Structures are given as structure tokens and as C-alpha cells.
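Peer 1: Below is the structure I would like to discuss, written out as C-alpha cells.
Just so it is clear, none of the values below were taken in a lab; they were calculated from the coordinates. These figures come from a predicted structure and were not determined experimentally. Virtual Cβ from ideal backbone geometry, glycine too; neighbours counted across all protein chains shown.
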Amino acid sequence: MTFWTYRRRDNLVGYLFVAPALLGSLAFVLFPLAMVAWYSLNEWNVLGGTFEFIGGENYARLLADEKLRDSLVATAWFAAGLVVLNLSLALLLAVLLNQKLRGTTLFRTLFFSPVLVSLVAWTLVWQLMLQPEGSVNGLLGVFGIDGPNWLRGETTAMVSVVVVQVIKNVGLNMVLFLAALQGVPAPLYEAAKIDGAGPWTRFRRITIPLISPTILLTSIITIVGSLQVFAQIAVLTQGGPGTSTTVLIYYLYQQAFQFHHFGYGATISVLLFVIVAALTLLQWRMRRKWVLHES
Amino acid sequence: MSRLLALICTALLALTACSGSAATGPKSLRMTVWTANEAHLKLLNEIAAEYRAAHPDVTEIKFDTIPADGYTTTLTTQIAGGNAPDLAWILEESAPDFVSSGALAPIRAKVEKADELVPSAIKLWEKDGELYAYPFSTSPFGLFVNTDLVKELPKTWEQAVAASAGKNLVLPDFKYQNWAVLSAIWRGWGAQAWSEDGRQCGFASPEMKDAMTFVHKAIFTDKAIPGPGTTVDFFAGNAAMAVSQISRAGALKEAKFGWTLLPLPQGPKGDYAVIGQAGVGVLKRSKNAEAAADFLGFFTNAANSAKLAQFFPPVRQSLLNAGTLAKSNPLLKPEQLQSVVIDGISKGVVKPSHQGQEELNQTIRAALDPLWKPDADIGQVLDGVCTKIKPLLERQ
């Protein structure tokens, strides 16, 4: 029997095909992940050039760190605000733009276009608009409302960051919802209508269950994305006022790159990784409950 | 398979051999700077070209601009990533971290006539009698006045705020973030961010409370200093006065309004001066540290310091006279050079800096945020700053 059986040759071809992707993720995903875990067990003084194994000390520090607690609270507020606002707005827009009316294409383009704009440019423009004498307050002034100093108040700063991010990315979820809505078979609506179901019942009983896989997808993407928001914070508030918008990833950046605590920064990224993984896993498990066809 | 392995090994060997040979063969130096100003870079390149002409083994001296915003962060990231430059400009606020960490190579032996450097101006860059960076730019704070908007020149802070009420007294670099800029004001009250040894917090002192009450009133009651989020450009003629470093005078070259430069106004404690600094040091980890230190010696010798003085005020006593400075600073009058630059450099205190400065910066910035509201409880906010930074000051 020769060594090169058909089966072996086929396998080799298969391995060769996946090799580039596998090597790529080994080098650029798994290896850095392992390194971050390793760094988190060390005290790394970049300037002094020292690298010292300290075991679980960084993790003990994590538990005692009050600023970290503030930052987790800020992260939770940001994520909750973003997910609720983004998903409901995206769904609303998708439903509205799914109507067979003139001009919907124009509006679809309009709402999607911010997705294509450079993130930093987008944020810089908003920073100008949100100044006390910026155009947002100018617009409010037309209606006789005296607008606040958006980026200097603790609550208004958080609201501003969330809204700027929602308007930037709502188009993406909107398009996903639109595609899902168009996949819902029209005869189902007709049958429901004949049975006397009103618009709200049709939406709740037909639309929502049938687009539930997309709701799952968009909520995972949005939650994971909300935990990784950085540029908006860096440009708009630098984590302030106080520490009201210092979300976890911005705190990580401060510790590692500004305060030069690279080991501790790595520890925070391990925490972030665990949180993202846990949330994704949780949603994935819950899909059996609320996604149609999955139970 | 074994042939492939052999090939990989050979390739790796070749790579390591190449990278190892750089220290002995021709050298190429890289200095990180935060200026992108063409005139600055032209001068730097001229000095470098002159050095290379006399040192053929140095094949290249590259000035690598990193934007001032986030400069130190980018620099430390380069160091962490194993891509440290050979020489680097260092901001005064990062000086304690760089000097104490052992990241920099000693340079005193390479500096020409090191004895003539103004002692107070090199203090920040010394440790145990050794010099770790050369303060190539020592720039005092002064008060720029738009003489089209202000007729009577102020002598005290009270007068300055009264004269600019409703007409803007700006602190261009403050932006309600870089609180250290306020030291240009509070020093007049005898206040300081922390004690000389860096261990005691100074924010809760009566002097600081008086000074900050004055600043708060100037913002919210007198409407002299523009409020948070409002940007007013003095250099475009939109403000009555600006507290800024004299190196900014260049921005007034084509000003369409009358202006003058005064020393910082007097506070209740009388005359004082505050300076900002920038040093240039050699990274110990550089493979060409020896050559880099040698170039630094040339870069900062008396002749080149005189050339650099047109942009960066020098710390060499032989250059600190109105006559020499006037040649390179045509925008300023001899008496301004004397009262602001020369007196400022010799008696000035450097802006606050401390080990772990960036963490202090962010902590103080966050703790001061509640102060920038009309109804702030100033005493309580300042006590709060001390509570927050005490553990950081004690950590050193």
C-alpha cells in the first residue's frame, strides 16, 4: 500500500487550504492572546526595561481597584444605553423604510452613510457641534431651549457619547434588519390579516419571531462593539468629566499606555476578554429560548 | 522536510547576523521630536548634516515627528515594542519618570561646557549629580496683551482680569484638562501642586484655595477667562490677553493687531516666573547610544545652542543676554527679552512634574472637574484632589 492514498492526499490539500488562515490566526490572534495573559502575571516597567514575574498580584489589585469599579459602572451604562437605543432605533427605521413608499432608497442611503464616514472625523465634527455655543445648542435655541454644556456634565457627557455612537452605527443594524424584514413571507401577514390581527399583533407575533435570528446577531455585535468603544471617548471626553465616561477599554489604555503599567493593563484586558466571552456565551445559550427554530 | 528546516534556519541566522552588525558598522540615528514646523526641522537637519560631514560613519540622522498630543504615549509604546529611538525629546512633565527609571544614558561628559548651564534649569534632568537629558528649550510663561483691546497694561492679576472682563483672557493650552498650566497663575499666590520633595499635596493649602477662588471668579463672575468648552484664539486677535510660553511669539509674526509681551502679572506674593521645559536625552537601550550621545554633545554645543535659540530659549549663561537673544528673536524687544526670557529662566520654577506624572495628571484632572461649574464648592473640591492623589504621592 502506498503512502499517498487518495484520502491522505485529499487531507493534505485540505490542510494546505486552511493553512494560511490558521497560521494567520495563530500569529495574530492566539499568540497575542497568550502573550497578554502572560504579561498580566508580570510587572513590566517599560522605561526601566524591567520585566518581573509577580504571579497573581495584578489580579489582587484588580479586585481592590476602586477606579476599576467606577469604570465598570460607566461601561455598563454605556453598553445598556447603546444597545437599547441602537437596536430599537435600527428596528424602527428598518420597519419604516420597509414600506413601499417613494423616497425610501434616499432615506436608506442617508441613514447608512454615517457608517462609511471615518470614525475620528465623525467624532471631531460632533465635538464641535456639542460645544456650549455649537450647532446642537443653536438648534435647541431656535425652540427656546437653553441647551447644556453637553460634554462637561456627567450625565450629558455619557448621553452625548452614546448618541454620537448610535447615529454613527445605527445604519448597519438597520440594513441587517431590513434584509431580515424582506425575508418574512408576505402570505403570513395576509393570513393574519384575514384572521383579524391588527398591525401591532402582526408585528409582535409574526415579524419579531421571524427576524429573531437577526435580533440575536445584531445584539451580539452591538454589545461586543459597545465594550470596545475607544476613539469616541478619547476624542470627546477623555474619560471625563470626573471619571464618568472612563469605560473599561479607555481605563485599560490609561493604565497601560499613559501610566506605563503594562502588566496591569494586560490584566484589565484579560478581564475585558472574560466579560465579552461570557456575554457572548450567555446570548448564545439564550438563543434556544427566544430565537425561532432554535429550540 | 529537513531541507526546508535548514533553509529556515539559514534565513533566521542571516537575519540575526544583520541586526547584530549595526553597532559596529555604519550607524543611523533616529531622534523623536514633537515639532512638525518646517523651519524647526530645517534647522535640525542642517545641524545634523554638519555633524555627518565630520562623522562619515554616521550615515543618517533622522528626525521623526510624533504629534505633541500623545507624544509620550507613542514614545513609550515604541520603547515597549522594541523600537526605541536613539535620541528623544522629553516633555518636562515626563522628566522624573524618564530620569529616575534608568531609561536614559548619562550625558554630562559629552555636553560642552556643562558648568555654564543655569543650575535651576537643569535640576529636573539631574540625578545624583549626573545629567540625563539636555534642556534644549526652556520657555518662560509670559502675558501676551492685545494692545488694540487693552490700553492700560496690567501689573497685577487683579488688573489683568479687570481689564479683560468680557474681552477674554485665554490660557491656550489649559482647555480645562492640562491643569498644570494654572501653575502660571497660582505661583503668584505662593501655591504649589505638591511640596519640594513631592510627598505632600499642596492643593488643600490656603494659598491654593485663594488662587483657585481667584481663577474661579475670573471665569464665572468676571467673565474674563472663557468658560469650559469655549475656544477663543488670542493669536487671531479675538482675546485681550493670553498666558502662554514665549516660544509662541512666532505665531504673532503676521498678527493684524498690536501686541506686547509682559512678564507674568504679580500675585499677592509679588514677582515670580514659571517655565516650561523640554529636554533631549539618549535612550540607554539604543544600539548606538555612544554615537547618539556624541551627536547630542554636538547638537547642544554653544554654537548650535545659539542657532537653536531662535526657537528654543537656551540655558547657557553665555547666551542669556539680550544682545545675543535679540539676534534670533526679532519679534521681541530687548527689554522684553530681559524681563521675560532672561529673568524668567534664571528665577523661574518649572511647571509641576512628578514621578508617575501622567497618572497624577489624569487623577487631578478628574478631581478638578467639579470645580468648573458656577456653583462649585472650591474648598471641598480642592480637599478632594488631595484625598485622591495622596496615595500616588506617597508611592514614589
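Peer 1: Given a cut-off of 23 Å, name the pairs among B:K110/B:K287; B:K42/B:K123; B:K123/B:K155; B:K269/B:K347; B:K123/B:K253; B:K42/B:K307 whose C-alpha atoms lie farther apart than that in the structure shown. Numbers along the way, then the final one.
Peer 2: Values: B:K110/B:K287 17 Å; B:K42/B:K123 30 Å; B:K123/B:K155 30 Å; B:K269/B:K347 15 Å; B:K123/B:K253 33 Å; B:K42/B:K307 12 Å.
Over 23 Å apart, Cα to Cα: B:K42/B:K123; B:K123/B:K155; B:K123/B:K253.
Peer 1: What's the extension gain from B:E335 to B:E116 if we count 0.36 nm per residue and subtract their Cα-Cα distance? Mind dumping the intermediate values first?
Peer 2: Details: separation 219, 0.36 × 219 = 78.84 nm, distance 2.31 nm.
Value of the extension gain: 76.5 nm.
Peer 1: Below 16 Å, Cα to Cα, which lysines can B:K390 reach? Residues fewer than 8 away in the same chain don't count.
Peer 2: A:K67
Peer 1: Put one equal scatterer on each alpha carbon of region B:196-332, apply the Debye formula with no solvent term, and list log10 I(q)/I(0) at q = 0.13, 0.16, 0.18 1/Å to two decimals.
Peer 2: -0.89, -1.10, -1.18
Peer 1: So what is the relative contact order of chain A, in percent, for Cα pairs below 8 Å that sit 6 or more residues apart? Before the final figure, lay out the partial values.
Peer 2: Working: 306 pairs, mean separation 81.3, N = 295.
The value is 28 percent.
Peer 1: Taking a label point 7 Å from the Cα of B:T221 along the Cα→Cβ vector, which residues of region B:155-188 have an amide N closer than 16 Å to it?
Peer 2: Within reach of a label on B:T221, which here means backbone N under 16 Å from a point 7 Å along Cα→Cβ, region B:155-188 contributes B:157-166.
Peer 1: Turning to a different aspect of this structure: Classify region B:173-220 from the C-alpha gyration tensor, please: rounded if a/c falls under 1.5, else prolate or oblate depending on whether a/b exceeds b/c.
Peer 2: Oblate, since a/c reaches 1.5 and b/c is not below a/b.
Peer 1: How much length, in nm to one decimal, is gained on full extension between B:D271 and B:K256, taken as 0.36 nm per residue of separation minus their Cα-Cα distance?
Peer 2: My answer for the length gained is 2.3 nm.
Peer 1: Let me ask another. Could you give P(r) for region A:161-203, binned at 10 Å from zero, as whole percent values over all Cα-Cα pairs?
Peer 2: P(r) for region A:161-203, in whole percents per bin: 24, 32, 25, 16, 3.
Peer 1: Under the rule of -39500 (n - 2.57) per DSSP H run of 4 or more residues, summed and divided by the residues of chain B, what mean residue ellipticity at 222 nm is obtained, to the nearest 500 deg cm²/dmol? Numbers along the way, then the final one.
Peer 2: On the way: 14 runs with 144 residues, N = 396.
Value at 222 nm, helices only: -11000 deg cm²/dmol.
Peer 1: Counting alpha carbon pairs within less than 8 Å and at least 6 residues apart, what relative contact order, in whole percent, applies to region A:5-86? Can you show the working numbers first?
Peer 2: Numbers: 23 pairs, mean separation 11.0, N = 82.
Once divided by the residue count of region A:5-86, the mean separation gives 13 percent.
Peer 1: Still on this structure, please answer the following. Compute the distance from the alpha-carbon center of region B:303-341 to that of region B:287-301, in whole Å.
Peer 2: 24
Peer 1: Straight-line reach from B:K256: which lysines fall under 23 Å, measuring Cα to Cα and dropping same-chain residues less than 8 apart?
Peer 2: Straight-line reach from B:K256, under 23 Å: B:K151, B:K167, B:K333.
Peer 1: Averaging the inverse of every distinct alpha carbon separation and then flipping it gives the Kirkwood radius. What is it for region A:1-106, in angstrom units? Walk me through the numbers before you get to the answer.
Peer 2: Values: mean 1/r = 0.0489 Å⁻¹.
One decimal place: 20.5 Å for the Kirkwood radius.
Peer 1: A follow-up question, please. Using amide H atoms built in the peptide plane, which far-off residues or other-chain residues are under 5 Å from B:V274 H to H?
Peer 2: Amide H neighbours of B:V274, under 5 Å, 5+ apart: B:F141, B:V349.
Peer 1: About the Cα centre of the protein assembly as shown, what is the dipole size in debye to 20, counting +1 per Lys and Arg Cβ and -1 per Asp and Glu Cβ, all else neutral? Don't skip to the answer; put the middle values down first.
Peer 2: On the way: 57 positive and 53 negative charges, 476 e Å.
Computed charge dipole of the protein assembly as shown: roughly 2280 debye.
Peer 1: I would also like to ask the following. Below 8 Å, C-alpha to C-alpha, sequence gap of six or more: please give me the relative contact order for region B:271-396 in percent.
Peer 2: Values: 83 pairs, mean separation 30.4, N = 126.
Rounded, it is 24 percent for region B:271-396.
Peer 1: Is region B:265-373 rounded, prolate or oblate when judged by the Cα gyration tensor, a ≥ b ≥ c being the square roots of its eigenvalues, rounded requiring a/c under 1.5 and prolate requiring a/b larger than b/c? Could you put the intermediate results ahead of the total?
Peer 2: Working: a/c = 2.86, a/b = 1.12, b/c = 2.54.
The shape class here is oblate.
Peer 1: Now for a separate question. In Å, what is the Rg of the alpha-carbon atoms in region B:133-232, and how long is Dmax?
Peer 2: Using the Cα atoms of region B:133-232, the pair Rg, Dmax is 14.8, 45 Å.
Peer 1: Using r as the Cβ-Cβ distance of A:E43 and A:T280, and R0 as 30 Å, what FRET efficiency do you calculate, to the nearest 0.05?
Peer 2: Numbers: r = 31 Å, r/R0 = 1.03.
Efficiency computed from Cβ-Cβ geometry: 0.45.
Peer 1: Using the C-alpha atoms of region A:65-290, what convex hull volume per residue, in cubic angstrom, is computed?
Peer 2: On the way: hull volume 34.0 nm³, N = 226.
About 150 Å³ per residue, rounded to a whole number.
Peer 1: Separate question: What area, in nm² and to one decimal, does the C-alpha convex hull of region A:6-53 cast on average over all directions?
Peer 2: Values: hull surface 18.8 nm².
If you wrap the Cα atoms of region A:6-53 in a convex hull and average its projections, you get 4.7 nm².
Peer 1: Quickly work out the B:D375-to-A:L124 label distance, labels modelled 7 Å from Cα along the C-beta direction, and quote it in nm with one decimal.
Peer 2: My value for the distance between the label points is 3.8 nm.
Peer 1: Let me ask something else about it. Expressed in whole Å with the largest first, what are the equivalent ellipsoid semi-axes of the protein assembly as shown derived from the C-alpha gyration tensor as the square root of 5 times each eigenvalue? Can you show the working numbers first?
Peer 2: Working: eigenvalues 517, 288, 109 Å².
Over the Cα atoms of the protein assembly as shown, the semi-axes work out to 51, 38, 23 Å.
Peer 1: Moving on. What distance in nm lies between label points placed 7 Å from Cα along the C-beta direction at A:Q228 and A:A191?
Peer 2: The modelled label-to-label distance comes out at 4.0 nm.
Peer 1: Per-residue ellipticity at 222 nm for chain A, helices alone: DSSP H runs ≥ 4 residues times -39500 (n - 2.57), over residue total, nearest 500 deg cm²/dmol?
Peer 2: On the way: 14 runs with 200 residues, N = 295.
Mean residue ellipticity, 222 nm, calculated: -22000 deg cm²/dmol.
Peer 1: Right, something else. Per residue Cα convex hull volume for region B:314-396, in cubic angstrom? Before the final figure, lay out each step's value.
Peer 2: Numbers: hull volume 13.4 nm³, N = 83.
Dividing the Cα hull volume of region B:314-396 by its residue count gives 162 Å³.
Peer 1: Over region B:259-301, one equal point on each Cα, no solvent: what is log10 I(q)/I(0) by the Debye formula at q = 0.13, 0.25 Å⁻¹?
Peer 2: Scattering profile of region B:259-301, log10 relative to I(0): -0.56, -0.92.
Peer 1: Sticking with this structure for a sec: For B:A36 and B:D383, compute 0.36 nm times the residue count separating them, minus their Cα-Cα distance, and round to one decimal in nm. Provide the component values of the computation, followed by the final result.
Peer 2: Numbers: separation 347, 0.36 × 347 = 124.92 nm, distance 4.03 nm.
Extra length from B:A36 to B:D383 when fully extended: 120.9 nm.
Peer 1: Principal axis lengths of chain B from Cα atoms, whole Å, largest first?
Peer 2: Cα spread of chain B along its principal axes, largest to smallest: 80, 48, 38 Å.
Peer 1: Counting only the backbone N, which residues of region B:157-181 are under 18 Å from the spot 7 Å out from the Cα of B:T230 toward its beta-carbon?
Peer 2: Output list for this probe position: B:160-177.
Peer 1: How large is the convex hull of the C-alpha atoms of region A:54-165 per residue, in Å³? Intermediate values should be presented prior to the final figure.
Peer 2: On the way: hull volume 18.9 nm³, N = 112.
Value for region A:54-165: 169 Å³ per residue.
Peer 1: Nearest 5 percent is fine: what portion of the DSSP beta bridges confined to the protein assembly as shown is antiparallel? Intermediate results must be reported in sequence, preceding the final value.
Peer 2: Working: 30 of 44 bridges.
So the antiparallel bridges in the protein assembly as shown amount to around 70 percent.
Peer 1: Same structure again: Between B:T324 and A:N11, what is the label-point separation in nm under the 7 Å Cα-to-beta-carbon projection?
Peer 2: 8.0
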